[in-house]
Amino acid sequence: MDIQTGQIVSTPSTLESLEKQLSCPICLDMFTKPVVILPCQHNLCRSCANDLYDSRNPYHFSGGIFRCPTCRFEVVLDRHGVYGLQRNLLVENIIDIYKQQLENVSSEGGLELPLKTKDTKELMCQEHEDERINIYCVTCQVPTCSMCKVFGQHKDCEVSPLKSVYEVQKSELKNSIDLLAASNSCLQAMLAQMDDSCKAVEENSQVQKQRLGEKFDLLYAILEERKAQLLENISQEQDEKVAVLQSLIQQYKEQLQASTNLMDKATQSMDKSNVAEFLVSAKSLIAEAKDTAKNSQIQRPEPGFEKMDHFTLFTDDVEAMLAKMDFAKGGNDNEEEDEDFEEAVEEDEEEEE
């Protein structure tokens, strides 16, 4: 800032640095009038100084002592209390010029700066009912108030403005939603693949049944019982494979539904206007979203799972044996032919197994 002209250099680093210098160490917002200057030359909003003084002097005795939140210097007050402290008119004038310059920059379409707006519904501290939640405890990972930082359970913790933590966690949640969206696309593709696999199993099973029927038609009634057994084996494996695929389809559907519900929940959380309320649930949503995305991979069938080629029946030897069958000329010859036929059938069964 040029003190003589009252102009502010319109660069983000300069403005952010100036705004940081004009922020109260208690509320972490820009100083509000009147601004009081402590004997140690540090500044406070009078309202924040008064809250600090009241917390150390609840019975309002004449005078009092409290420590500067910036340098811990002991500030001794007279009978006028905080109202006996001198106003820092220079800081107040700088704040007025700074705000005016921001309005000029915004109206001229120049540098875009984030405007601090007050939440329509502010969350209040449970420990200090009159204090709004305005900072974030980085150490404990929870939103809190300025009094908790100065005197409460977070006095030795590292804190940060709500806005900066909000932006970081909102970005992380957005990345998690993108992961969920990619995971959902994969799930949908796998569902389509499972449906195709079911159809392929059924079609291949039907082909093998037809081929098997053609083979057994050549062997007539003596092979009908064996035919029914083999058909039952194919149907049993078909049912087992379809059951496995249907189970996987159900798991993918459940995963997809859970992932979609989590996306909706996360999206609704991002639409909330209250920053503190968002931060209360953001971290758990981020962790849940990442875990859901990581655990979205479900067991897949092995390659060729849908094939049924192993049920192919080879009957060339048996057909050749049947083609040679003729009227028996003697009892012994007939018995020998029956034994040869049974051995051929057994060999064919062993080959198929």
Worksheet entry | Number of the exception - residue 283 against (1) part of a helix (DSSP H, G or I); (2) more than 11 Å from the chain's Cα centre (by Cα) | (2)
Practice prompt. Tell me, please, whether a residue that is under 12 Å from residue 26 (Cα atoms) and assigned to a helix (DSSP H, G or I) can be found in the stretch 149-167.
Written response: yes
Item to complete: Could you please give the count of residues in the stretch 299-322 that are closer than 30 Å to residue 186 by Cα and open to solvent by less than 60 Å² (accessible area, probe 1.4 Å)?
Response: 5
Discussion item. Among the residues in the stretch 125-148, are any at pLDDT below 85, open to solvent by 50 Å² or more (accessible area, probe 1.4 Å) and part of a helix (DSSP H, G or I)?
Written reply: no
Worksheet item: What about residue 288, is it open to solvent by 30 Å² or more (accessible area, probe 1.4 Å) and closer than 21 Å to residue 192 by Cα?
Response: no
Practice prompt. Could you list, in sequence order, all residues of the stretch 215-253 that are among the hydroxyl-bearing types (Ser, Thr, Tyr) and either within 27 Å of residue 317 (Cα to Cα) or open to solvent by 60 Å² or more (accessible area, probe 1.4 Å) (or both)?
Written response: 220, 235
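The values are calculated or read from the model by the stated rules, or taken from the named source; none is laboratory data. Predicted model only: the values in this text are computed from it and were never measured. What goes into the accessible areas is simple: the full protein's heavy atoms, side chains included, and nothing from ligands, DNA or RNA. Shrake-Rupley method; radii C 1.70, N 1.55, O 1.52, S 1.80 Å.
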